[in-house]
Amino acid sequence: MDPRTLRVWRRWLGEAFERFCLVPTCPGCGRRGLGEVMELCLPCGAELWGYEEIAAKPPGELPWVRAVWSYRGTGGRLVRRAKFARDPLALAFLARGMLRLLKAGEMPGGRPRGPWLVVPVPLSARKRRRRGFNQAQDLAQRVAERMGWELGTWVLRRVRDTTALGRVRREEREALLLGAFELGKGQRRRVLGRRILLVDDVVTTGATMRACASVLLDGGASRVLGLASCAAGGESGGK
Ligand SMILES: [Zn+2]
């Protein structure tokens, strides 16, 4: 068995063990042993809203970007647990939602047939050092493993930190994001002619996704689709 398959199996077994043999832990709040709704406790399950169900859709909704859940309520809680604590249960829950959407053919253009290159939206080097990981990378890795697709960790590089843009107007943010990303060193030949799935934890205006996609398309990618675990109406700082 090759190492990648082995890794997938080990993770799958770990998750199955956690789910069936231990008292279930809610990925949304970390409480144990409560009633389950899609593996969430009842209160968390009641506050999980689909991306389609939110009244205020993300303002910059792009036809080629999909999200699984709303950032409001449990969706946002799951993202924050994945982002700040690297909680494996929250990450696994979010990744499963993304996989479900991919496999159900709910992406623009239907179910993407492989092989796609899965590219996480990168953090700036400084932020990545400080946090020690990139939650988008964690999600992209799980998606790539389960789909049997290639993971392009270093395909994109963030050359400008634009995370403090929450209060900046939308047009200004878009302008600042242009030039915030570039192809990683020696990555051009990986991108050329490839179909690319861009992965992030949260999409708000879509400006970040748009900036990344334009770098990939300029680099010769044949197609780019964006997939985020949650869509926010602006409460997450404007990605
Ligand atoms: Zn819960």
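Every read-out reported here was derived from the displayed coordinates using simple, explicitly stated rules and does not represent laboratory data. Because the structure is a prediction, the values reported are computed rather than measured. Cβ coordinates were reconstructed from backbone atoms using ideal geometry, including for glycine residues, and neighbour counts include every protein chain displayed.
Taking only Cα atoms and a 10 Å spring cutoff, compute GNM fluctuations for the chain and point out the largest among Pro43, Pro63, Pro27.
Per the Cα network of the chain with a 10 Å cutoff, Pro63 tops the list.
Would you calculate the separation in nanometres between label points at Ala46 and Met1, each defined as 7 Å from the Cα along the Cα-to-beta-carbon direction?
Calculated label separation equals 4.1 nm.
Add -39500 (n - 2.57) for each DSSP H run of 4 or more in the chain, then divide by its residues: what number comes out at 222 nm, to the nearest 500 deg cm²/dmol?
Values: 9 runs with 94 residues, N = 239.
When only DSSP H runs of four or more count, the value is -11500 deg cm²/dmol.
Measure off 7 Å from each Cα along the Cα-to-Cβ vector at Trp9 and Arg129, then give the distance between these two points in nanometres to one decimal.
4.0 nm
Using the crude model of +1 on Lys and Arg Cβ and -1 on Asp and Glu Cβ, and no other charge, please compute the dipole size for the range 49-231 relative to its Cα centre, in debye to 20.
Values: 36 positive and 16 negative charges, 118 e Å.
Its charge dipole is roughly 560 debye.
Just grab the label-to-label distance for Lys185 and Arg157, each label 7 Å out from Cα along the Cβ direction, in nm (one decimal).
A separation of 0.7 nm, rounded to one decimal place.
Over the range 49-231, consider all pairs of different Cα atoms and compute the Kirkwood hydrodynamic radius from their mean reciprocal separation; express it in Å, one decimal.
Working: mean 1/r = 0.0614 Å⁻¹.
Radius from the Kirkwood sum: 16.3 Å.
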